[in-house]
Structures are given as structure tokens and as C-alpha cells.
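Please read the structure below before turning to the comments.
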Amino acid sequence: MPKENTGSGLLVGTIVGTAVGAVGALLLAPKSGVKLREDLSNKFQAISQRTQELASTARDKTKDVLSSVREEASDLSEHAKKSNEHVMDAFSAAKDDVKDKVGSTSN
């Protein structure tokens, strides 16, 4: 049975790939040690900020989906309760009809 892809693997892969690419590019560029460390620090800060933004967006979307699912589940539950009440009312009415018919035929 195939495993469902939730997109989190893609997000992690993108972040890791970006970090590895940035580090590789900086290490291969001819720069002084101080300038290289400064560039690495700036890149990591930018990646960290982007990661936080993505995490915040994912958290917000998850909250929205959860709220929607809860609302839908509540609506379905209410519908099921009403349907059950209608069935029970119909069953009770049919039972009363059968009792009346049995009572009238025995008299």
C-alpha cells in the first residue's frame, strides 16, 4: 500500500538542499576567512528566517484545516442525530399502528 505524501518531506528536502547549495557555493568562492564567515552567517540567517516563515504558514494552514474539519464533523454529527430522531419517530409510529391493529382485530 503506497504511503501518502504529505508534503513535509518536500519541505525538508528543499530546506536541506538550499542549505547545502549555499554552503557549497560559499566554500568554493575565493574569499577571505572573515568575509566567508560573514557570508555563511548571513545565508544561514536568511535560511532560518525563511524556515520560520514556512513553519508559520504551515501552522496557520493546519489550524484552518483543523477548524474546517471540526466544523464539518459537527455538522455531520448534528445531521446524524436528526436522522436518527426521524427514524426513531417513524419506528415508534409504526409500532403504535401495529399495536392498534392488533388490538382492534382481537376485539
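Each reported figure results from applying straightforward, stated rules to the coordinates on display, with no laboratory input. Just so you know, these numbers come straight off a predicted model, no measurement behind them. Cβ atoms come from the backbone with ideal geometry, glycine included; neighbour counts cover every protein chain shown.
Just tell me which lysines come within less than 17 Å, Cα to Cα, of residue 43; anything on the same chain fewer than 8 places away is out.
Hits, sequence-local ones excluded: 31, 35.
At a Förster distance of 35 Å, what's the computed FRET efficiency of residue 12 paired with residue 85, Cβ-Cβ distance as r, to 0.05?
0.10
Computed from these coordinates, which is Cα Rg over 2.2 N^0.38 Å: (i) 2.47; (ii) 1.35; (iii) 1.09?
Comparing each candidate, only (i) matches the computed number.
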